[in-house]
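Quick note: the coordinates plus some simple rules give every number you see, no bench work behind them. These numbers come from a predicted model, not from an experiment. Cβ placement follows ideal geometry from the backbone for every residue including glycine, while neighbour counts extend to all protein chains displayed.
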Amino acid sequence: MPVVATPVASPAPAGIISTTEVRDFLRDYTGHNPLLDDVEFSDTELATAIDRAVDIANVVDRATNWTSATFPNKYVLLTGAAHYLMQSEAFRQLRNQASYQDGNIQPVGIDDKYGQYLQLAGSLKQEFRAHVSQMKIASNMAASGFIRSPLWRGWYHI
């Protein structure tokens, strides 16, 4: 009797978040992008965004050596990956912006959302950096177990 194999999707690479989770966070589905009739970001771009978000987090405030598998928080990593993608798309939008106007109608643009993408990227960046800073402060305090008070000449154990 012959053996019949059924192909299955390979599992997502090990890590705290998958490209599917980033796609879900961005609501980037074929049916939800009527102008594109496709997804906006490829799986490769999503995976790269996750890695770049970790790279950015590793240089915020103090150096760390987190990886996509050891990152301490899913939501923070999602906002970092989304920030990277929005900023990257803003670059593409600016490079390819073309507006057209015919007569007395409003200008119609192709790839003319540079400002909106940049604004969203800035908002996500601010949230991401604030969360990363707080995580590192909490990590520093948990590691030492002690905090120095400027009002006392000794150490307090937490």
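Quick one: Asp37, Asp55, Asp28, fewest Cβ neighbours within 10 Å first, how do they rank?
Asp37, Asp55, Asp28
Ranking of Leu36, Leu85, Leu120 by neighbouring Cβ atoms within 10 Å, starting from the fewest: Leu36, Leu120, Leu85.
Between Ser139 and Lys74, the distance separating the two model label sites (each 7 Å from Cα on the Cα→Cβ line) works out to 2.0 nm.
Using a ≥ b ≥ c from the Cα gyration tensor of the range 19-157 (square roots of the eigenvalues), is it rounded, prolate or oblate, where a/c under 1.5 gives rounded and otherwise the larger of a/b and b/c decides, a/b for prolate? It is prolate, given that a/c is not under 1.5 and a/b is the larger ratio. With neighbours defined as other Cβ atoms within 10 Å of a residue's Cβ, the residues His32, His131, His83 order from fewest to most as His32, His131, His83.
Note on Ser42 and Arg95: with the Förster distance fixed at 22 Å, the Cβ-Cβ geometry gives a FRET efficiency of about 0.75.
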